[in-house]
1. Only one of Leu46, Leu69 is touching a residue at least 60 places away in the same chain (Cβ under 8 Å) and within 19 Å of Gly117 (Cα to Cα); which?
2. Just to be sure before I move on: is Pro10 more than 14 Å from the chain's Cα centre (by Cα), surrounded by 11 or more Cβ atoms within 10 Å (Cβ to Cβ) and outside any loop (DSSP other than H, G, I, E, B) in the structure I sent?
3. Give the stretch 190-202 a look and list any residue that's open to solvent by less than 50 Å² (accessible area, probe 1.4 Å) and either part of a helix (DSSP H, G or I) or in contact with a helix residue (DSSP H, G or I) (Cβ under 8 Å, 6 or more places away or on another chain) (or both), or say none.
4. Based on what the data block shows, is Ala111 open to solvent by 50 Å² or more (accessible area, probe 1.4 Å), touching a residue at least 24 places away in the same chain (Cβ under 8 Å) and assigned to a loop (DSSP other than H, G, I, E, B)?
5. Looking only at the stretch 123-167, filter to residues that are charged (D, E, K, R) and open to solvent by 50 Å² or more (accessible area, probe 1.4 Å); which one of those is nearest to the chain's Cα centre (by Cα)?
6. Among the residues of the stretch 33-43, which ones are within 18 Å of Asp133 (Cα to Cα) and surrounded by 22 or more Cβ atoms within 10 Å (Cβ to Cβ)?
7. Among the residues of the stretch 185-206, which ones are closer than 24 Å to Asp88 by Cβ and of a type outside the set (D, E, K, R)?
8. Farther than 30 Å from His201 by Cβ and not aromatic (Phe, Trp, Tyr): is that true of Gly4 in this structure?
Amino acid sequence: RWAGWLGVLPMLLIAPEHPQSGDMKVTVLDVGQGLSVVVQTAAHTLLYDAGARYSAQADAGGRIVLPYLQGAGVRHLDGFVVSHNDTDHSGGMTTVLEQMSVDWLASSLPAHVELAGNFDRMKCFAGQSWTWDGVDFEMLNPVFESYDDSNIADNNRSCVLQVTSASGNLLLTGDIQKEIELALVEKYARQLKSNVLVVPHHGSKTSSSAGFIAAVQ
């Protein structure tokens with residue numbers, strides 16, 4: 001029996017692998033109706049959305065996101081982006097913030113949404129950019145002026161994030177619809193080209209217009 005425990009010991013000492021400098025590991029979590037994506041670089045971790053809220057007692061943050069992060073050896077989020085206020089994207093947010101250390105949260109959430117925790121809170125807006133371990137992150141939407149326009153739907157104010165690594169790039173689009181897709185094509189043109197696209201609005205007929213898909217290629 002003791003020999004058996006000694007045989008198991010090496011399994012407990014295996015540390016999860018991390019990407020090399022310049023590369024990234026992207027995990028799209030299966031949260032059902034909703035979205036949650038983990039982007040890891042050599043020494044940093046970003047969470048984009050946290051899935052849905054199922055009930056007063058349960059959400060994707062506690063049921064799926066946190067168990068995945070813990071299993072991957074992640075004890076701290078360097079950044080957390082919540083694309084917009086729809087519950088299938090933000091429903092697990094509170095649980096993640098309560099149980100995981102977070103440096104900053106960027107979102108298009110309305111100012112009246114109260115969030116508890118010790119982290120920097122900011123609006124996401126086009127032009128924000130940063131680099132972690134040789135991997136570039138750039139926010140493409142929303143334009144900052146959109147926060148003053150009450151006629152813009154939450155979906156169209158989704159934080160759109162492009163992540164570029166040495167091996168390829170990723171485009172995260174939240175729930176943007178055709179009018180914002182067109183605006184992105186007009187503004188960014190060939191920059192939208194990406195190796196991986198998480199389709200806007202879960203593949204809804206309101207989104208994934210032909211011009212946008214052609215630009216992303």
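The values are calculated or read from the model by the stated rules, or taken from the named source; none is laboratory data. Note that this is a predicted model, so its numbers are computed, not measured. Note that each Cβ is placed from the backbone with ideal geometry, even for glycine, and that neighbours are counted across all protein chains shown. These area figures cover heavy atoms from the full protein model, side chains too; ligands, DNA and RNA do not enter into them. Shrake-Rupley method; radii C 1.70, N 1.55, O 1.52, S 1.80 Å.
1. Numbers: Leu69 fails: touching a residue at least 60 places away in the same chain (Cβ under 8 Å).
Answer to the check: Leu46.
2. Details: more than 14 Å from the chain's Cα centre (by Cα): yes; surrounded by 11 or more Cβ atoms within 10 Å (Cβ to Cβ): no; outside any loop (DSSP other than H, G, I, E, B): yes.
So Pro10 fails the test.
3. Start the filter on the stretch 190-202 by keeping residues that are open to solvent by less than 50 Å² (accessible area, probe 1.4 Å), which leaves 192, 194, 197-198, 200-201.
Selection gives Leu192, Ser194, Leu197, Pro200, His201.
4. Values: open to solvent by 50 Å² or more (accessible area, probe 1.4 Å): yes; touching a residue at least 24 places away in the same chain (Cβ under 8 Å): no; assigned to a loop (DSSP other than H, G, I, E, B): yes.
Here the answer is no, as Ala111 does not meet what is asked.
5. Kept after step one, since they are charged (D, E, K, R), are these residues of the stretch 123-167: 123, 133, 136, 138, 145, 148-149, 154, 157.
Of the ones still in play, those that are also open to solvent by 50 Å² or more (accessible area, probe 1.4 Å) are 123, 136, 138, 145, 148-149, 154.
Values: Lys123: 14, Asp136: 14, Glu138: 12, Glu145: 22, Asp148: 24, Asp149: 24, Asp154: 16 Å.
The residue in question is Glu138.
6. Filtering the stretch 33-43 down to residues within 18 Å of Asp133 (Cα to Cα) leaves 38-43.
Once the filter is applied, which keeps residues that are within 18 Å of Asp133 (Cα to Cα) and surrounded by 22 or more Cβ atoms within 10 Å (Cβ to Cβ), the stretch 33-43 yields Val39, Gln40, Thr41.
7. Quick first cut of the stretch 185-206, residues closer than 24 Å to Asp88 by Cβ only: 194, 196-206.
Across the stretch 185-206, the qualifying residues are Ser194, Val196, Leu197, Val198, Val199, Pro200, His201, His202, Gly203, Ser204, Thr206.
8. Numbers: farther than 30 Å from His201 by Cβ: yes; not aromatic (Phe, Trp, Tyr): yes.
So Gly4 fits the description; yes.
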